[in-house]
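Each remark here refers to the structure printed beneath this line.
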Amino acid sequence: MNNIYKPYLARIEEVRWETPDTKTFKLAFIDPEIYDSFTFKAGQFGEYSSFGEGESTFCISSSPTRKGYIECSFKVVGKVTTALKNKDIGDLIGFRGPFGNSFPIENMFDKNLIFVGGGIGLAPLRSLIWNCLDLRERFKDITILYGARSVSDLCYKNELKQWEERADVKFIKTVDPGGETADWNGKIGFVPTILKEISPSPENAVAITCGPPIMIKFVLQTLEQMGFKAEQVVTTLENRMKCGLGKCGRCNIGSTYVCIDGPVFTAEQLKALPEDF
Ligand SMILES: Cc1cc2nc3c(=O)[nH]c(=O)nc-3n(C[C@H](O)[C@H](O)[C@H](O)COP(=O)(O)OP(=O)(O)OC[C@H]3O[C@@H](n4cnc5c(N)ncnc54)[C@H](O)[C@@H]3O)c2cc1C
Ligand code: FES
């Protein structure tokens, strides 16, 4: 019987600093068990291990349409992320997954999509954004609003430029007041404020959001005020996890396990949860 706690081996193929404290790894599986067969869906996550240090939960930030590798982007906050930060090209790390549910992309076909991201919260959205852009004809208008505390805190700067230059994407970037530089050509203001300013129509639309909990809270309120129904809004939660498999009881909110019932939830589902997230 397969050991569900045994990680696959993955080699770091590329390393990129996104911000002063956030790093992206491009990973290729070397484990023959899954070398050719690994698949996942946008929104799913994995447990990434630095051997001898432990595991951390990160979403898979690359698109499932890009085959042969996965990417993760992580903010250095504690023990495991510090150990991972010190890894470089050629080093091996462990990966268990993919775990959790995924963004309901089939329900988004033929709809207007509004992505609202903040900081490292763009990581799971990035997987879905590229997934949608690789199937561009299946969707109507695509709007991406992305913000960070400061210009240097914006992740995926090259890709932001690509989205900005695309005629088939409406891209808006913003930084918090005081986070701008002299040559900043985006908006200045908190993400929910800018969302109110651009005021996307809820007509035939789905909004997908991820970011710091305080941002998500105000984005959900703003979308509601703009007429979005709770079932039109999708987000992803980051409760602390250990097993990722519904076994350890670390991530649950009441009887809902974020690792297996989520991490993707509609605002309607969040309203039914017993406590504020
Ligand atoms: C489904 C899911 C997807 C995630 N995706 C990403 C991602 O793509 N990129 C990313 O950078 N992070 C992501 N996270 C958060 C990430 O798991 C933690 O930041 C990381 O595990 C911390 O590991 P550590 O050992 O370095 O920190 P620790 O030493 O364990 O903790 C350091 C500090 O971080 C806080 N912390 C630890 N885990 C979490 C958590 N889950 N949420 C909030 N605060 C936490 C601790 O309370 C503490 O203050 C995700 C979490 C979940 C559950
Ligand atoms: S992480 Fe163990 S039950 Fe969810």
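Where a number appears in this text, it was derived from the coordinates with a stated rule and is not lab data. Please read these numbers as outputs of a predicted model, since none were measured by experiment. Positions of Cβ are backbone-derived with ideal geometry, glycine not excepted, and every protein chain shown enters the neighbour counts.
Out of region 106-122, which residues are within 16 Å of ligand 1 (Cβ to nearest atom), part of a strand (DSSP E or B) and not hydrophobic (A, V, I, L, M, F, W, C)?
The answer is Gly117, Gly118.
Residues that are crowded, with 23+ Cβ neighbours inside 10 Å and more than 14 Å from the chain's Cα centre (by Cα) within region 208-229 comprise Val219, Leu223, listed in sequence order. Is it the case that region 96-105 has a residue that's assigned to a helix (DSSP H, G or I) and in contact with a helix residue (DSSP H, G or I) (Cβ under 8 Å, 6 or more places away or on another chain)? Checked against the condition, which is being assigned to a helix (DSSP H, G or I) and in contact with a helix residue (DSSP H, G or I) (Cβ under 8 Å, 6 or more places away or on another chain), region 96-105 yields at least one hit. Residues in region 56-82 that are over 18 Å from the mean Cα position of the chain (by Cα), touching a residue at least 12 places away in the same chain (Cβ under 8 Å) and either within 16 Å of ligand 2 (Cβ to nearest atom) or in a helix (DSSP H, G or I) (or both): Lys79, Val80.
Would you mention how many residues in region 40-77 are within 12 Å of ligand 1 (Cβ to nearest atom), touching a strand residue (DSSP E or B) at 6+ places or on another chain (Cβ under 8 Å) and not aliphatic (A, V, I, L, M)? Show your work before the answer.
So the first thing to find is which residues in region 40-77 are within 12 Å of ligand 1 (Cβ to nearest atom), and the list is 43-50, 53-62, 70-77.
Right, trim to touching a strand residue (DSSP E or B) at 6+ places or on another chain (Cβ under 8 Å) and you get 43-50, 55-62, 70-76.
Checking the rest, the ones that are also not aliphatic (A, V, I, L, M) come to 43-50, 55-59, 61-62, 71-75.
Qualifying residue count for the region: 20.
Among residues belonging to region 44-55 that are under 22 Å from Ile260 (Cβ atoms) and touching a residue at least 40 places away in the same chain (Cβ under 8 Å), point out the one that is surrounded by the most Cβ atoms within 10 Å (Cβ to Cβ).
First pass over region 44-55, keeping only residues under 22 Å from Ile260 (Cβ atoms): 44-49, 54-55.
Those still in the list that are touching a residue at least 40 places away in the same chain (Cβ under 8 Å) too: 44-49, 55.
Numbers: Gln44: 22, Phe45: 29, Gly46: 26, Glu47: 23, Tyr48: 25, Ser49: 19, Glu55: 21.
Taking the candidates together, the pick is Phe45.
Restricting attention to region 230-257, which residues are more than 6 Å from ligand 2 (Cβ to nearest atom), more than 17 Å from Ala207 (Cβ to Cβ), under 18 Å from the mean Cα position of the chain (by Cα) and surrounded by 14 or more Cβ atoms within 10 Å (Cβ to Cβ)? Residues satisfying the conditions are Glu238, Asn239. So for region 261-271 (the condition being basic (Lys, Arg), within 16 Å of ligand 2 (Cβ to nearest atom) and out of contact with any His (no Cβ under 6 Å at 6 or more places or on another chain)), does at least one residue qualify? Within region 261-271, none of the residues are basic (Lys, Arg), within 16 Å of ligand 2 (Cβ to nearest atom) and out of contact with any His (no Cβ under 6 Å at 6 or more places or on another chain).
Quick check on Phe115: is it in contact (Cβ under 8 Å) with a residue 12 or more places away in the chain and within 16 Å of ligand 2 (Cβ to nearest atom)? So Phe115 does not fit the description; no.
Name the residues in region 28-55 that are in a loop (DSSP other than H, G, I, E, B) and among the acidic types (Asp, Glu), would you?
Pass one, region 28-55, residues in a loop (DSSP other than H, G, I, E, B): 30-44, 51-53.
Asp31, Glu33, Asp36, Glu53, listed by residue number.
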